[in-house]
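Read the structure below first, then the notes.
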Amino acid sequence: ERAVPGDGVYATRAFIRGRQYPSVTNVGTNPTFGNKERSIETFIFSFDEKIYDAPFALEWIEKIREEKKFPDIEALRRQIEEDIKRAKQILKV
């Protein structure tokens, strides 16, 4: 019933409480921080609500890039900003 795409960064749409929100999602182990466990993290644009325990679905629109290890947190931060810009272009936000 559930499918998760390969590791990387994706332009996505989040569906929460019957509403749709543009978002960017990372799938992987966050290698910059040395994590081993695979996770899925979604950043919803212009969203400031508490949604813990709320039903949540994602629509996977387009892969932006592969997951990779960055030399430091600042380099990762700059890449995340670029990922957000690219996702907004893809989603026409």
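The values are calculated or read from the model by the stated rules, or taken from the named source; none is laboratory data. In this text the structure is predicted, and so the values were computed from the model without any measurement. Positions of Cβ are backbone-derived with ideal geometry, glycine not excepted, and every protein chain shown enters the neighbour counts. SASA here: full protein model, heavy atoms, side chains in, ligands and nucleic acids out. Shrake-Rupley method; radii C 1.70, N 1.55, O 1.52, S 1.80 Å.
From the list Glu49, Glu59, Glu67, Glu41, which residue is open to solvent by less than 100 Å² (accessible area, probe 1.4 Å), under 14 Å from Val24 (Cα atoms) and assigned to a loop (DSSP other than H, G, I, E, B)?
Checking each option against the conditions leaves just Glu67.
Filter region 1-15 down to residues that are within 16 Å of the chain's Cα centre (by Cα) and assigned to a loop (DSSP other than H, G, I, E, B), then give me how many there are.
Number of matching residues: 5.
Can you confirm whether Pro31 is within 22 Å of Lys88 (Cβ to Cβ) and surrounded by 13 or more Cβ atoms within 10 Å (Cβ to Cβ)?
Answer is no for this residue.
How about region 16-28: which of its residues are loosely packed, with under 15 Cβ neighbours inside 10 Å and either in contact (Cβ under 8 Å) with a residue 24 or more places away in the chain or not in a loop (DSSP other than H, G, I, E, B) (or both)?
Arg17, Arg19, Gln20
Looking only at region 54-76, how many residues end up being basic (Lys, Arg) and within 13 Å of Phe33 (Cβ to Cβ)?
Initial filter on region 54-76 (basic (Lys, Arg)): 63, 65, 68-69.
Restricting the remaining residues to those that are within 13 Å of Phe33 (Cβ to Cβ) gives 68-69.
Selection size over region 54-76: 2.
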